[in-house]
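Scroll down for the structure; my scribbles are underneath it.
Derivation of every value follows stated rules applied to the coordinates shown; laboratory data play no part. Quantities reported herein were computed from a predicted structural model and do not represent experimental measurements. Cβ atoms come from the backbone with ideal geometry, glycine included; neighbour counts cover every protein chain shown.
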Amino acid sequence: MKYYEGLFFKKVDKQEDGCWMWTGAQRGSYGGFGQELAHVWSYKNFVGPIADGLQVGHDCHDKDESCLGGRGCPHRLCVNPEHLKLQTPQENNRSGRGNQWSPNYERKLRSQCI
Ligand SMILES: [Zn+2]
Ligand SMILES: [Zn+2]
């Protein structure tokens, strides 16, 4: 895992406001790291496993009420594990104010054991 952490941090730009912005490849408006979304990888690596049916949401997004969410949301690229939290898809949709998460994509991720 340490090797991957090295690769991970090469693509992270730590901001003054505490967000770790992903500078690597993007998938949709999220960061992509290997086969995973970067923030999901960060959560699993630094926090722990993600229970079935839950998604990784962004606390920094929820606290920034000026952010309209959707594809223009800069918080989607934040990979700071302290800004990540588990939430149900329903909660995520609410906070995303139009979150584009695709169930097919999630299923694809789950079928690949990393
Ligand atoms: Zn953040
Ligand atoms: Zn946002």
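Structure data summary
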{"read-out": "Pairs, first in contact (Cβ under 8 Å) with a residue 24 or more places away in the chain in the stretch 78-94, second among the small types (Gly, Ala, Ser), C-beta under 6 Å, six or more apart", "value": "Val79/Ala38; Val79/Ser42; Pro81/Ser42; Lys85/Gly57; Gln87/Gly57; Asn92/Gly57"}
{"read-out": "Single unsatisfied condition, Lys14 versus (1) in contact with a strand residue (DSSP E or B) (Cβ under 9 Å, 6 or more places away or on another chain); (2) over 13 Å from His83 (Cα atoms); (3) loosely packed, with under 14 Cβ neighbours inside 10 Å", "value": "(2)"}
{"read-out": "Leu37, sole failed condition from (1) within 16 Å of ligand 1 (Cβ to nearest atom); (2) closer than 27 Å to Gly6 by Cβ; (3) among the hydrophobic types (A, V, I, L, M, F, W, C); (4) surrounded by fewer than 21 Cβ atoms within 10 Å (Cβ to Cβ)", "value": "(4)"}
{"read-out": "Options Gly24, Gly18; residue that is assigned to a loop (DSSP other than H, G, I, E, B) and either of a type in the set (S, T, N, Q) or within 16 Å of ligand 2 (Cβ to nearest atom) (or both)", "value": "Gly18"}
{"read-out": "Which numbered condition Tyr30 fails, given (1) surrounded by 20 or more Cβ atoms within 10 Å (Cβ to Cβ); (2) within 12 Å of ligand 1 (Cβ to nearest atom); (3) closer than 23 Å to Arg94 by Cα; (4) not polar (S, T, N, Q)", "value": "(2)"}
{"read-out": "Long-range neighbours under 6 Å by Cβ, at least six apart or interchain, first residue farther than 17 Å from Gly18 by Cα and in a helix (DSSP H, G or I) within the stretch 55-73, second more than 9 Å from ligand 1 (Cβ to nearest atom) and polar (S, T, N, Q)", "value": "Arg71/Ser29"}
